[in-house]
Structures are given as C-alpha cells and as structure tokens.
Amino acid sequence: MEKDCTFCNILNGEIPTKLLFENETLIVFRDINPIAPTHLLVVPKKHIRSINDLTVDDNRIVSEIITTARDMAQKMGIAKSGYKLFFNVEKGGGQVIFHLHLHLVGGWK
Ligand code: AMP
Ligand code: ZN
C-alpha cells in the first residue's frame, strides 16, 4: 500500500468506490471519467507502479487481470460487439495513476 496512491486508497476504503468485482488478486470498478459507454479498470491489489516494474513473479497477476477483463466484458454484454484493452505506461504513455491498471473500453453503438 502506498499512502498517496489513488488506487491503494480505493483498495483500503479511504476512497469509497462501488466495486463490480473483487477477488484475492484484484478489483474492478468503473472509470470516474469514462471515454466509452463502458469503461472499467482492472486493478491488482499489489501496488505495482507500471508495466515496466513487472517481474516474473507477477505473471500470474497479469494473466488474471486479462482473463478478468475478458469475463467482465462478457458480464457487461460487450464481448460479442467487441472492446479494447490497454495499459498506459509512464507519463509519455498517458499514465497518470502509477498503480498498474488495465482499461477495458467498449459498448459503442
Ligand atoms: P491512466 O491514465 O492509465 O493512469 O488512467 C487512470 C484512470 O483512472 C483515468 O482514466 C481516470 O479517469 C481514472 N480515475 C482516477 N481516479 C479515479 C477514481 N477515484 N475512481 C475511478 N476512476 C478513477
Ligand atoms: Zn497503489
């Protein structure tokens, strides 16, 4: 847990957030500033700064982030129409919250 990290503060309840899914590895919630009709964030409980900081020990976490995003797309009814998954990496890649997260966006007509 990092004191000034928004997602750690969501994880510890300091920032109240409606979770769409939670298990021992990760949480899923809606992006507060959506760029698509459906915009979810899949966030590991472990504080990892960005994709650059992943180690081989994190492989299971990363794979669970991706399969959970797939399951959430199914649950939100956008699996068939299609969606995008992306990680922003560091400032130049558009990352503003330095706690790893996968964006799931879709639901366009
Ligand atoms: P990134 O640019 O990849 O770091 O994305 C961070 C995302 O977190 C942005 O799309 C924000 O809209 C979103 N965000 C920031 N604060 C919150 C919050 N309290 N609850 C939900 N989403 C948030
Ligand atoms: Zn964090």
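Worth a mention:
- Checking each residue in region 1-34 for being near ligand 2 (Cβ under 10 Å from one of its atoms) and of a type in the set (Asp, Glu) picks out Glu2, Asp4.
- Residue satisfying all of: in region 70-86; in a loop (DSSP other than H, G, I, E, B) and crowded, with 16+ Cβ neighbours inside 10 Å; farthest from ligand 2 (Cβ to nearest atom) among these: Ile78
- Residues in region 47-65 that are away from ligand 1 (no atom under 16 Å from the Cβ) and within 12 Å of the chain's Cα centre (by Cα): Ile61, Glu64.
- Among the residues of region 13-60, those that are aliphatic (A, V, I, L, M) and either more than 23 Å from Lys75 (Cβ to Cβ) or crowded, with 17+ Cβ neighbours inside 10 Å (or both) comprise Ile15, Leu26, Ile27, Val28, Leu40, Leu41, Val42, Val43, Ile48, Ile51, Leu54, Val56.
- Options Gly106, Gly77, Gly93; residue that is in contact with a Lys or Arg (Cβ under 9 Å, 6 or more places away or on another chain) and modelled with pLDDT of 95 or more: Gly106
- Residue in region 10-22 that is more than 11 Å from ligand 1 (Cβ to nearest atom), of a type outside the set (A, V, I, L, M) and in contact (Cβ under 8 Å) with a residue 60 or more places away in the chain present: no
- Summed over region 38-69, the residues that are β-branched (Val, Ile, Thr), in contact (Cβ under 8 Å) with a residue 24 or more places away in the chain and assigned to a loop (DSSP other than H, G, I, E, B) give a count of 1.
- Scanning region 37-61 for residues that are under 19 Å from Gly93 (Cα atoms) and more than 16 Å from ligand 2 (Cβ to nearest atom) returns His39, Leu40.
The values are calculated or read from the model by the stated rules, or taken from the named source; none is laboratory data. Everything numeric in this text was worked out from a predicted model, so none of it was measured. Glycine also receives a Cβ, built like all others from the backbone with ideal geometry; neighbour counts cover every protein chain displayed.
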